[in-house]
Structures are given as C-alpha cells and as structure tokens.
C-alpha cells in the first residue's frame, strides 16, 4: 500500500471517529439544550405535541422560580458543597500521600476498607442515620449534611488522590529531601504543584456529587437546611405539568456546577488524563 | 490565598445566617409552624394566598415544605412515625389517616372542630368525612376530595353518531373505544393509566378489578390475585389499552393522560374527578366545554369509583398545636374556598371537600357539567364494601394496611410490564400473587 493510501485511510478513520464523537456529544448535550430552551417557553408551549425550536422567549418561569425563595436553598447548597469539599481535600490528601509515597503495611486492605464504606446502599442506613441525627438535634441542620457529605466523598477522594500521587516520580521527592526540604516543604513546594490538576479533578468530582445529593437532603432537612435538589423537586407535581418552570429551576441549579467545571477546565483536562499515558 | 478563602467562608456563613432567617421568614413574628404539603396545583394556590392568613393571624408564621407526592409521603411518614416533631401540619390522605390515627400519631381534631365557631363539620362531603375519621372522630380534615368518573368528548361522539349511556358498562366502553379509535388523526379510543405506582396504575385498575368481582384478599387474608375474576378484569384492562389506548400507555400516569386528553388526543378517559379543573380551563385545555361526564363504568358489582382526599392533620408531637389548628381550619374553611374562587378563579377551587362549594354561584356556573357526577361518584357507597365478595379491608382503590404502598407498587410494576407487552398477564399475576401472599401471611393468611 502506498504512503498516500495509508495517509488517506488514516484521515478517513480520524474523520469517522470525529463524526462519531460529535454524534455522541450532541446526544449527551441535547437534553441539556432542551432543558434550557424549555425554560424560556410558556407552559403551553413546553408540552406542545409538536415541539418548536424557534419561539418567542419568555422570562416568566425564571421570575416564578426567583419568587419561590431560591436564596436560602442556594446558600445551603453552596455552604455544604464548599465546606465538605474543603474538608474532604484536607483529609484525603494526607491520607493518599501516606498510602502512596510511604510503604504502609497492608495498604490494599486499608484501601479496600475505604471503598467498602461505599458498598452499603444509603437507603439501608437512612433510618439509623436519621435517628442518630435526631438524638443529637442534628435534623434540619446544615452541619449534619456537611459531615455526611464529607464522609460520603472521602473514600473516592482518597482513591483518586492516591492514583495521582503514584504518578509522581520518587526521584523528584528524593532530590528535594537531598536539598534539605522538610516534610511540609516537600509536600507544599514539590508534591502539591505536581498533583494540582489531580486535586482540581478530585475537588470537582466532590462538588458535583455534593451539589446533586438528594437523598440525605430530603430525609434530614425540612426548612432551614434544605438544599437545591430539594428545592428543585418542589416544582414536580403529580397533577398537572409545569415543565417550563421545572426547566427554569433545573437550569439555575446547574449553573454553579457548570461554572466550577469551566473555571477548573484547564486543570481538569490535565487531571483527568493523568495516569492515562505513562 | 488563605486569606481569600477565609473571607469567602465568613461570607458564606453570614449569608447562611440570612438564608436561615429568610427560610424561616418569621423572626420576631411570634409562633412559627411548619407545614408539609404535596406540590399539587391546589396546594401551590394555598401558598400563594398565605398572606391572607397572615393578615388574620399576624402572630403565626407559616413555613411550607412542598414536595412531590412520593417524597412528601416518605418524608412525613418518617418524621411522624419517629416522633421527630419536624412538622406541625402534614398533608395526608384517607389512606394514611385511619392507620396513623390507630397508631396514635395524629391529634384528634374532634375537640378543635367543636370549639371553632362556623367551621361546620357537617358541610364536609359525607363520604370524605367518614373516610377521614377513626372511631367517630376526624383525625384530618379535607383540603380537597376526588373520585373517579368517565370523561368523554361530546363533539367526537356527535360526529360519529354515538351516545354515552349515563351508567355505562365496561363492555360498552370497550365497544365505543373501538369505534372512536382513530390513529390516523392521533385520537386514541380511550386513555387509561399504565404507569407503575400504587397511586397511578393501581387506582383505576383496582376499581376495574372490584367491579369484575375480584378482590385482593379473602376474609382470611388469602391472596386472590389469580382468581378468575381478577384475571378477567386485568386481561380486559390490558387488552383495551393495547388495542385502543394511548401510545406509550405503560408510561402514562395521571399527568400524561391529562395532557393527552386536554390536547384532544383521546375520545374517552377514565380517571380522577379532580381533572376537571384543568380540562375546563380554556387556557390549558383544547377540549374545554366539549367534555361530558358520566359515572364510573361498571361490570358486575355496581358503583365502583374510588375515593381519595388530600387532607390536613396535626401530628401529636407538634408543639404548636393551637397555631397549627388555626392554619388548618383556615385552609379547609368555606371562607378559603370562596377566597380562591374570587382571587384565583373558580376553576382553581379545591373541589369535593365541602357541599357548600357546589352552592357558590361562581362555582355553579363553571361546574354545571360535572358537579353532580362528581358528588354522585364521591358519595357512592362502595368504599366500605368495595367488592362483590367479602373482604377483610376497606378502601376502593387501595387496601387499608401499611404494607399496601409496597405491595401495590410491586403489583403495578408487574401489570405495567403486561401493558407494555414485556410479559403475559398470567405471568404478571402469578408474580403478583406471590407478593400478595407474603403480605397476607403476616395477617394470618395461608
């Protein structure tokens, strides 16, 4: 086969992959686009049997969502997400460091123990958790959610961070030690800059999981500590369809996570591809 | 960097403080009560009108927790059963009220009703009042009530030269559906629920089973879901839907059927009387003024509609029971119903809780076509004797035991699969029988 034919075949293959990727991308993005478009429609247009892509946008759904008191829910979600993610990183980074850089005995057992806590379905544990929260006056308290979300994300964060630490060449750390770096300096000035993309990726995963968490929020909060997912479902009704208003609320609820992903985009791509090529 | 993070954290805490005050909304206002409601349109109207209550009772601040039906049910049951005291008022139905009252979880509202001048308990629709009572006392009071009836398109019937009998049989309905079914013009012969859920598919299907002479259990709690009568009823329902029902029937619940019928895509619909508020509202319905209403179809056992009521109760653990009763009595009063009609429109009035609603001139004008069928359906005496043969339970579209939420949902999943054509009716009923036998065994059925 001539070189030109090989090159042409390679180009064709690349094009097919690109088209496939675009189709999959559009398929995944379409529901999001539909949600955003629906949020600018009237209720009658939203469930019209012949859906329109071109229509006169209205903002009444957003006005309705804002007048439903979104503020406290948004603040609760932000607080639970920011604080629990920070706590997860504070705990997971040293744990992952110990489990990857140092030769800890029975490291696999320790790692399995971490991840085994994710194997129990939350629904099976909710009654004991509910009763425990009640006995310490922790119902409808945002700090109860912060503690639970920290525990919920910690195992995944430890596993993720460990895989990033394993990527760091041990020679780099040895060189720092030979230059007289102490443990704190070694971590701060050598290790963390290298694994920063990994931390960003881990943080974003924690943010997404926490922001979207519904089950604990539904069961353990009432008024003061309710979060965005609980606010969102209050627009779902079994008698009548309010799709446009629900779409407006869902669009607003998605914005903070999208923003977080957008800001962390550069780090994220590096973080998610770390370990993919060795 | 650390300083920035600290500033952000303090800002968040400050905001949270504001948020809590915002959510509570009643700092310095006096007593505050928390009300759990289902997020249906009538309850959203209640939240819209809450300032009227605040005007009458400036010392009481009302905070709503509004959730969809399933989530609300789960949340309130969890809270009330563990005595957590999170809610001062809960929205429950005639399914929960007697069970919760028997468990001692609800406040007896009898004395509160007696000491409230002008509240007029006798004005409640009698069947609804009875369904919300336990040992002669009301443990919750109705916000609105519903039964089931058959809705049909008068214009389509006239076009085809057909007429609807005032008390049709299911066989007649099937024959009419066959004549009216017209896939070419996107019109199904009939719309029926097929979505799994004890409150979805099982509501209409249970009434069909009842009128065909079937039952869930015999008096000794032995499961009866493989009896010839149940088999005949389920086969009839599944065949009717598969031949002349709406497309995608296995995923159609009340809301989907409402949209389907309101958009003019079905000739008949057997469902809740509460649908009229949407169907007769020209803003949301293409068929307003074109719909006729007749009694729930029957087969062998007469009068087999369902009875359901969303009502307000006060958990025994409430520390603000007096304030809670002031709110409950306001939201379920004659005055409130008039207020909704005058402020939001008569089509949005919570229906079928009070007889006096049907005497209000504004509502009478709107409800001329459906007022009598609604009241007749709700007062049909089938709730205590829902089936032809004796049974150890009451309830038209449910069995009044706590296990029914799970049992009804599991059985509905099987039968929905039969509607979707994923399994045969016989296989679905065999599995359902096993589920029912397990529940029956805990009541002594063998």
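Bear in mind that the values in this text are calculations on the coordinates, not laboratory data. Here the structure is a predicted model, which is why all the values come from computation and not from measurement. Neighbour counts are summed over all protein chains in view; Cβ atoms, including those assigned to glycine, are modelled from backbone coordinates with ideal geometry.
Quick notes on this structure:
- Ellipticity estimate at 222 nm from DSSP helix runs (n ≥ 4, -39,500 (n - 2.57)) divided over chain A, nearest 500: -23500 deg cm²/dmol
- Pairwise alpha-carbon distances in region B:91-165 exceed 14 Å for 67% of all pairs.
- Value in Å of the Kirkwood radius, where region B:204-257 supplies the Cα pairs that are averaged: 12.2 Å
- The C-alpha radius of gyration of chain A, expressed as a fraction of 2.2 N^0.38 Å, stands at 1.27.
- Principal-axis tilt of helix B:202-211 within chain B, Cα atoms, nearest 10 degrees: 40 degrees
- Region B:177-191 and region A:242-268 have Cα centres separated by 42 Å.
- Rg and Dmax of region A:3-61, both derived from C-alpha coordinates alone, stand at 19.3, 61 Å.
- Share antiparallel - DSSP beta bridges, chain B, percent rounded to 5: 65 percent
- Of all beta bridges that DSSP places with both ends in the protein assembly as shown, some 65 percent have antiparallel geometry.
- Principal-axis tilt of helix B:69-81 within chain B, Cα atoms, nearest 10 degrees: 60 degrees
- For A:4, B:113, A:208, B:337, the sequence from fewest to most other C-beta atoms within 10 Å is A:4, A:208, B:113, B:337.
- Pairwise Cα separations in region A:14-136 fall into 5 Å bins from 0 onward with the following percentages, short to long: 2, 7, 8, 8, 11, 11, 12, 13, 12, 8, 5, 2, 1, 0.
- Along its first, second and third principal axes, ordered by size, the protein assembly as shown spans 95, 79, 61 Å in Cα coordinates.
- Residue-averaged 222 nm ellipticity for chain B, from DSSP H runs of 4+ at -39500 (n - 2.57), nearest 500: -13000 deg cm²/dmol
- Two-decimal log10 I(q)/I(0) for chain B, as the Debye equation yields it once each C-alpha is a single scatterer, q = 0.13, 0.14 Å⁻¹: -1.17, -1.32
- Estimated FRET transfer efficiency when R0 is 30 angstrom, pair residue A:266-residue A:175 (beta carbons, to 0.05): 0.65
- Ranked for footprinting exposure by Cβ neighbours inside 10 Å, fewest first, B:290, A:9, A:118 give A:9, A:118, B:290.
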